[in-house]
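What follows draws every value from the coordinates through simple rules; no lab data is involved. Everything numeric in this text was worked out from a predicted model, so none of it was measured. Every residue, glycine as well, gets a Cβ built from its backbone with ideal geometry; the counts of neighbours run over all protein chains shown.
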Amino acid sequence: MAVLFADVRVFDGTGRDPFPAEVLVQGNRITAVAARIPADLRADALVIDGHGGTLIPGLVDAHAHLGFGSTVEHRSPRRDEPEEEKALLVAHAGRVLLDHGITSAYSGGNRLPRTETAARKAFAEGWMPGPRLKAASWEGSAGMVEPGVYDFPGTDGRASDPESVSRFVGDMAALGVDIVKLSLSGESAVVAGTSRIVQFTDEEVAAASATAHAHGVWLTAHAHAAESVKMAVRHGIRAVYHCTFADEEALDLLQAARDRLFVAPTPGIIHANLHEAGSEPEPGMEVEATAKAVREVVPELVRRGIRVLPGGDYGFPWNPVGRNARDLELFVDWFGFTPAESLRSATQYGGQVMGMAEELGLVRVGWLADLVLLDGDPLDDIRILQDRDRLAVIMKDGLLHKA
């Protein structure tokens, strides 16, 4: 069935000003964008009257955690659920993401990655509601102990073992993930002081990169420390999370590689740690220092032309899935983005991080029909994206999830 969006203003994802138009969807593709769709094309279409609202591409979260257990509808303090329960949590979180206009998600890791590969299949086939999903491994940490164990010992006091890191990447690829994630630095919000400590050797990351290339999977790096950011860039890692304490040399390397990599600085979890975590994380876990540093580094990343995307570690009880669009507000308030720049980062750049740069993330003829119709103008108030009631229509792959 064809669907015609009438009386809408189109934000096409490029960052240019919205324009009045009608948009026709046939199958799972956008087939016309014009001031007026001809009568012969609109004859059998379901017409959705936008009442002057704003039609945007579906949003993309570049650091999604479907398996962390908590959403705006269900809070869980656990992260060690058995596989059967984890699979249900992942499916639930996927539906909540889609309910909030997130039509694509690039995973930031899952303790049980096969739950994500299963969800990816179900979402793609359409028999469960959820976003387009790039599934990820569990987050490989120093010593490769086991999924979900984060002691962050650094590189001292353990054998440097490129072979085991290479084997980890190969094992994860064999499970069918799209992404293998390495924690190249620690995380001070989990173990005090470790964000500034590198967790892998150059030889290990080189081995991971070679194995990922051989198996056709992408690498993502958790990297707060400046040296961990440099290591990620040197070894061709595609997505770098945080970049919090990047120094001038790290920024220069990122700039030189800006055409092939993406950065997700995760302001959402930082904001939540500052204002909503209660006793978690504990005092002294560098929360304020992290907030100060990220506010300084992100505008510099943008000035250098590096693609910065939203995705704020949503899924913790104090930072649940469903609040994801808060990152776009923080991009404006913390980093100085205009609302249009913030929205572009979640749409056009989102399609690029998903590896679908020629068909996803824009309202353009021939592109995939992932669309959200908003009651209002997000360029006047970016916060309307956080109001589920203002998301009048949500379409993924040409199918109406909400209308």
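Details
- Label-to-label distance for D151 and D247 is 2.9 nm, based on points extended 7 Å past Cα in the beta-carbon direction.
- Segment 355-403 - Debye-derived log10 I(q)/I(0), Cα point model, q = 0.23, 0.33 Å⁻¹: -0.89, -1.11
- Diffusion constant of the chain at 10 °C, which comes from Stokes-Einstein with the Kirkwood Cα-pair radius and 1.306 mPa s, µm²/s: 75
- Value of [θ]222 nm, deg cm²/dmol, for the chain, DSSP H segments ≥ 4, -39500 (n - 2.57) each, nearest 500: -9500 deg cm²/dmol
- Set against the 2.2 N^0.38 Å expectation for a compact globular protein, segment 312-403 has a Cα radius of gyration ratio of 1.11.
- Compared with the dominant principal axis of the Cα atoms in the chain, helix 113-125 is inclined by about 10°.
- Label-zone membership for segment 37-76, site D377, 7 angstrom Cα→C-beta point, backbone N under 19 Å: 50-57
- Largest GNM mean-square fluctuation among E187, E203, E139, using the chain with Cα springs under 10 Å: E203.
- Those residues of segment 14-31 whose amide nitrogen sits under 15 Å from the label point placed on D7, 7 Å along Cα→Cβ: 20-23
- Sequence-separation-based contact order of segment 27-108, relative, with Cα cut under 8 Å and 6+ spacing, percent: 38
- Here segment 39-163 has an Rg and Dmax of 19.4, 73 Å, counting Cα atoms alone.
- Entry for segment 3-74 at q = 0.26, 0.28 Å⁻¹: log10 I(q)/I(0) = -1.18, -1.32, Debye formula applied to identical alpha-carbon scatterers, no solvent contribution.
- One Cα centroid belongs to segment 368-393, the other to segment 208-257; the line between them spans 33 Å.
- Under-5 Å amide H pairs with G58, H placed in peptide plane, nonlocal only: D370, L371, V372
- Figure legend: label point modelled 7 angstrom from the Cα of N28 along Cα→Cβ; residues of segment 326-370 with amide N under 11 Å from it are 368-370.
- With the convex hull of the Cα atoms taken as the outline of segment 100-219, the averaged projected area works out to 8.0 nm².
- Angle of helix 287-303 to the longest C-alpha principal axis of the chain, folded into 0 to 90 degrees and rounded to 10: 60°.
- Phi-derived couplings, Karplus 6.51 cos²θ - 1.76 cosθ + 1.60 at θ = phi - 60°, listed residue by residue for segment 12-29: 7, x, 7, x, 6, 4, x, 9, x, 6, 10, 10, 10, 10, 10, x, 9, 10 Hz, with x used for Gly and Pro.
- The slack between V190 and A124, meaning 0.36 nm per residue of separation minus the straight C-alpha distance, is 20.4 nm.
- Magnitude of the charge dipole, the chain, Cβ model with Lys/Arg +1 and Asp/Glu -1, debye to 20: 760
- Residue pairs, from the table K181/K230; K86/K181; K134/K181; K86/K396, whose Cα atoms sit over 21 Å apart: K86/K396
- E296/E341 FRET efficiency (R0 25 Å; Cβ-Cβ; nearest 0.05): 0.90
- Taking 0.36 nm per residue of sequence separation and removing the Cα-Cα distance, the R36/R303 pair yields an extension gain of 92.3 nm.
- Quick note on segment 250-324: its Rg to Rh ratio, both from C-alpha atoms and Rh being the Kirkwood radius, is 1.04.
- Under the Karplus curve 6.51 cos²θ - 1.76 cosθ + 1.60, θ = phi - 60°, whole-Hz ³J(HN,Hα) for segment 42-48, x wherever Gly or Pro sits: 8, 4, 9, 7, 6, 9, 10
- In this simple spin-label approximation, L274 and R167 carry label points 7 Å from Cα along the Cα→Cβ vector, and these lie 4.4 nm apart.
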